[in-house]
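Have a look at the structure below, then the notes.
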Amino acid sequence: MQNPWKKLSSREIYKNEWIRLREDQVITPTGSRGIYGVVEMHPAVGVVPLTDDLQTYLVGQYRYALDTWSWEIPEGGGAVDEPVLDGAKRELLEETGLTADEWIPLGTMFTSNSVTNEIGHLFLARKLHFGEPQPDHTEELKIKKLPFREAWQMVLDYEIKDSLAVIGLMRLRQFLIDQGII
């Protein structure tokens, strides 16, 4: 489908190492003039680690922007020129201390496509090896190992609300069904 929007101009409003906010002067699909604010972000990466006996790992942390505690899959922002799989491997190691021999893509997602250009990339990590977490200086993390079915129940009970985590666990569940594992 052809883009019905026309961008007349664009200006940077704010920028730091994680995000850039721009304001575009536009002609809307209905022909009126307007503005559109866009938050530009690096790609997001999320990893669902899975043991041979169908255990997974969640990472809990306090999320400043929402002022709340959040259980999530290991996830974070990719670096500027970093391949997304490398970013996923880095995040898994940083947040859990895990590395994996097998990586299976679980697809991509748009995290909030009405205001940001961020694309989330999801992976399943299997054949895990255990080490020490290496969190960023901004992270105080709790790690929880639990059966995948319990993590899925946390999604159904609205205990997990993070979009990458919900979709990552949903896609893992479908992968396990398609493989005849559950």
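The values are calculated or read from the model by the stated rules, or taken from the named source; none is laboratory data. Remember, predicted model here, so these are calculated numbers, not experimental data. Methodologically, a virtual Cβ is constructed for each residue, glycine included, from the backbone with ideal geometry; neighbour enumeration extends over all protein chains shown.
Brief remarks on what is shown
- Inclusion of residue 2 among residues that are touching a Leu at 6+ places or on another chain (Cβ under 7 Å), surrounded by fewer than 18 Cβ atoms within 10 Å (Cβ to Cβ) and either modelled with pLDDT of 95 or more or not charged (D, E, K, R) (or both) is not warranted.
- Test: residue in segment 25-35 that is within 25 Å of the chain's Cα centre (by Cα), at pLDDT 95 or above and either in a strand (DSSP E or B) or surrounded by 12 or more Cβ atoms within 10 Å (Cβ to Cβ) (or both): no
- Of all the listed residues (70, 114), the sole one being within 19 Å of residue 169 (Cβ to Cβ), of a type in the set (Gly, Ala, Ser) and in the same structural domain as residue 46 (by TED's automatic domain parsing) is 70.
- Residues (in contact (Cβ under 8 Å) with a residue 60 or more places away in the chain and in a loop (DSSP other than H, G, I, E, B)) located in segment 66-111: 73, 111
- Candidate set: segment 59-69, residues that are over 19 Å from residue 19 (Cβ atoms) and surrounded by fewer than 19 Cβ atoms within 10 Å (Cβ to Cβ); chosen: the one nearest to the chain's Cα centre (by Cα): 60
- Checking 176, 122, 141, 146 one by one, the residue that is in contact (Cβ under 8 Å) with a residue 40 or more places away in the chain, crowded, with 19+ Cβ neighbours inside 10 Å and of a type outside the set (Val, Ile, Thr) is 122 and no other.
To keep it simple, each residue is scored yes or no on (1) touching a Ser or Thr at 6+ places or on another chain (Cβ under 8 Å); (2) closer than 25 Å to residue 66 by Cβ; (3) of a type in the set (Phe, Trp, Tyr).
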residue: 147; (1), (2), (3): yes, no, no
residue: 152; (1), (2), (3): no, yes, yes
residue: 158; (1), (2), (3): no, yes, yes
residue: 162; (1), (2), (3): yes, yes, no
residue: 168; (1), (2), (3): no, yes, no
residue: 171; (1), (2), (3): no, yes, no
residue: 177; (1), (2), (3): no, no, no
residue: 180; (1), (2), (3): no, no, no
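- Enumeration of residues in segment 101-115 that are within 21 Å of residue 61 (Cβ to Cβ) and modelled with pLDDT of 95 or more: 109
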